[in-house]
Structure formats: C-alpha cells, structure tokens
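The values are calculated or read from the model by the stated rules, or taken from the named source; none is laboratory data. It should be emphasised that the depicted structure is a prediction, and the values quoted were computed from it without experimental measurement. Neighbour counts are summed over all protein chains in view; Cβ atoms, including those assigned to glycine, are modelled from backbone coordinates with ideal geometry.
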Amino acid sequence: MRSSDAANRPRWSGQAGFFEIWFLVVFEAAARRAWWLRYTTFAPAAGLQPGTPRATLWAAAFDARAREPAIAVKHILGAEDYHAGSPERFAIRLGAAELRNDACRGEVESGGHRIAWALRLAPAAREARRAPWLLHHLPLPTRVAHANSEIACSGWVSVDGVRRELDGAPTVQKHIWGTRRVEELYWLYCPRFDEEVAACLEATAVRLRRRPGAPRLVPIWFRTAHSVLDRRGLAALAGNRVEVRGPARLEFRSTSATRALRAVAWCDPRTLAGYVYRDPAGWDVHVAQSDVASVTLELRRRAHPLAPWRPPRRLTCTEGAALELHAPEPLPGVHYLGWDATGA
C-alpha cells in the first residue's frame, strides 16, 4: 500500500463526537478556473447537541472571469449512505459518489446549480509532510494528512451542464479528522507560478482556540525547480509570521539566518465560496475559500548571517492559488451556506 493510500485510511468507526474530511482542489490555471470537492462524515457529541450522524458531499466551482465567479453546493446524506470500504485499499462511498486514492466521482445538485465530476488521479508515492514532526505524535483533537500533494489529475468536471476536459491538471488532496475543529485557520496553496511552473508554495497558520495570547502555528514550505525551503520544523516556526492585511488578503513571512521569504495572497471577495462548519460540540465556524486567488512572492538570500542580502527573486501567480479563511465570525459581504442548507 502506498503511503498516500494509508494516509487516506478512514478513522471514523461510528463513534459520537467525531468529524472526518477528505477534500481535493483541482486547478485549471491557464483558464483561471478551479474546483473544490469534499467528502465528509460528522457525528455530534453525545448529549451536547441534537442531531444524528451524517455524510455530506460538497462542491464549489471557481471561475475568475465568470459573471458568477463562485458557486457552492452540497448534498446531505444519512450516515447509512457512507461506506468506508476495506482496510486493504482506500475507497469510500457517499451514496453514488466515490473517492479512491487514484480516482473520484460525484454529483451535487442544489440551489439551481449542478456540479459533477469524474477524475483520475496520479497518486503520490508517499504522504507529504507539511507540519512539525512532533504534531504527528501528539494526541491532538484535529489531525491532518497531506495524502496527495503536488499531483495531477485527468478527466472532466461539469458545472451547470458545461463540461471541462482536464489533462494533467494540478491537484492537491488532504485528509482531516478529529474530535474538535480548530477555531482559526488560514491556508494558502499555490501549485505553480507564472514565471516558473515547477515552483510551489504551501503556507498555513492555525490556532486551535482564539484566546488572547494564543500563538499561531505557521509552517511554510516552498519549492522551486532546484531547491526546497522547508520552514515547518519546530526551530523554524519561531521565524514564521502571518498578518491579516484585509478581509481577503494575507501576508506570510519566514526569516532564517540566510533566507527570507515574503508571500502576499489575496482574492476578489466575489470569488469566495462560504460554508458553515459545525463542531461536534455544537458551535460553528465560518469558512470562506477562493481557489482563484493571486500571490506575489519574494525570496531573498545571503551567503552567511553577516553578509548583505542579495536582490530578491520575485514570482507571481495570477488567479491560480487556493486561499482559505476559517474563523468563528463571518467575513463581511460573503454568503455562507448554512450547516443544514444545501443551496442558495
């Protein structure tokens, strides 16, 4: 079994107070389009909130040039419609929808929109590591597996009857599970840059609770055709920062003795798809995501800690990145699809 296949292995076995998520983002960067597909299960905590376990199929379509640049839909099913498959091979089903390590298909129709897909994935040989190694060994209430990072997919996606054929589209796929959602999360994923298609950036800022003084964990990873800047270790985290520069604008920074990275990400607020996520204990978080965000990146180097900085290398990504803003309060002007809603 591939490491990426094992990373996707289901963790929910019917217990109360648990959520599980598999999602992927597929980019058609040249056309400034992208799609976000999400397969989930949810079981409320016993005695803390009403409701029954459920499975949900979510989909969002982004087209920066369209009159309606973000379309968000979902389909709520009963827990009995979820099938975890066998332990030998990752293959889950939510009704007629399916997700495997090498393929996925599904269809969601709600709110006057329909999104359908059938994709073949080229899975990663091994799970990527984008967080400090210690986090993989602690009993945290939320866990993340970067099962398939920097992969490609082929097949098709259809939005309101308009079908797009894809061949080698950049794709990222993750698996998240746990007993308590994080209260604040910023996520930036840029699969390629305009000047260098082999370059890739992933940056995350997370706080489990938004209490005064609670620190953010900010791992940053950047790859070019010739090198990798891996700023996700415990020692590196002290030099990483994120700043919120506006309702849909983030700035990530990472500084070491010989490297300095600055990445600014933003999107047109009209391209944000909003969803309400529920914690097993009953409270909600508001998640807004655009997968046609833009990024500017500057990377500086110097030979040693006392040497002057060299002129920066600059890269840009125009409406081809994923930007997620996840917090208890909603962003002004963003329409959020409620927890029990299925369409606008």
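Restricting the search to region 153-175, which residues are surrounded by 19 or more Cβ atoms within 10 Å (Cβ to Cβ) and over 15 Å from I115 (Cβ atoms)?
From region 153-175, those surrounded by 19 or more Cβ atoms within 10 Å (Cβ to Cβ) are 153, 157, 159, 166, 169-175; that's our starting set.
Those that are surrounded by 19 or more Cβ atoms within 10 Å (Cβ to Cβ) and over 15 Å from I115 (Cβ atoms): C153, A169, P170, T171, V172, Q173, K174, H175.
Name the pairs: first residue in region 212-227 and in a strand (DSSP E or B), second residue surrounded by fewer than 16 Cβ atoms within 10 Å (Cβ to Cβ), Cβ to Cβ under 6 Å, at least 6 apart or on different chains?
Cβ pairs passing all conditions: W221/D230.
Going by the conditions given, is A118 in a strand (DSSP E or B), under 16 Å from the mean Cα position of the chain (by Cα), closer than 20 Å to W36 by Cα and of a type in the set (G, A, S)? Break it down stepwise before answering.
Values: in a strand (DSSP E or B): yes; under 16 Å from the mean Cα position of the chain (by Cα): no; closer than 20 Å to W36 by Cα: yes; of a type in the set (G, A, S): yes.
Considered against the rule, which asks whether it is in a strand (DSSP E or B), under 16 Å from the mean Cα position of the chain (by Cα), closer than 20 Å to W36 by Cα and of a type in the set (G, A, S), A118 comes out as no.
Among A61, A55, which is the only one that is within 18 Å of V172 (Cβ to Cβ), at pLDDT 95 or above, buried (at least 21 other Cβ atoms within 10 Å of the Cβ) and of a type outside the set (S, T, Y)?
Details: A55 fails: within 18 Å of V172 (Cβ to Cβ).
The conditions single out A61.
So, of the residues in region 78-92 that are farther than 19 Å from C104 by Cβ and at pLDDT 95 or above, which turns out to be surrounded by the most Cβ atoms within 10 Å (Cβ to Cβ)?
For region 78-92, the residue satisfying everything is A79.
How about region 119-134: which of its residues are touching a residue at least 24 places away in the same chain (Cβ under 8 Å) and either of a type outside the set (A, V, I, L, M) or crowded, with 16+ Cβ neighbours inside 10 Å (or both)? Steps first, please.
The initial filter retains those residues of region 119-134 that are touching a residue at least 24 places away in the same chain (Cβ under 8 Å), namely 119-127, 129-134.
Passing the criteria: L119, R120, L121, P123, A124, R126, E127, R129, R130, A131, P132, W133.
What number of residues within region 38-50 satisfy the criterion of being among the small types (G, A, S) and either in a strand (DSSP E or B) or within 13 Å of L77 (Cα to Cα) (or both)? Show your work before the answer.
Here is the first cut: in region 38-50, the residues among the small types (G, A, S) are 43, 45-47.
If we keep only those that are either in a strand (DSSP E or B) or within 13 Å of L77 (Cα to Cα) (or both) too, we end up with 43.
So the answer is 1.
Out of the residues in region 286-343 that are part of a strand (DSSP E or B), among the charged types (D, E, K, R) and out of contact with any Gly (no Cβ under 9 Å at 6 or more places or on another chain), state the one that is surrounded by the fewest Cβ atoms within 10 Å (Cβ to Cβ).
Step one: of region 286-343, the residues part of a strand (DSSP E or B) are 286-301, 313-327, 336-337.
Still in the running and among the charged types (D, E, K, R): 291, 298, 300-301, 313-314, 319, 324.
With the extra rule that they be out of contact with any Gly (no Cβ under 9 Å at 6 or more places or on another chain), the set shrinks to 298, 300-301, 313-314, 319, 324.
Values: E298: 15, R300: 15, R301: 15, R313: 14, R314: 12, E319: 23, E324: 21.
The qualifying residue surrounded by the fewest Cβ atoms within 10 Å (Cβ to Cβ) is R314.
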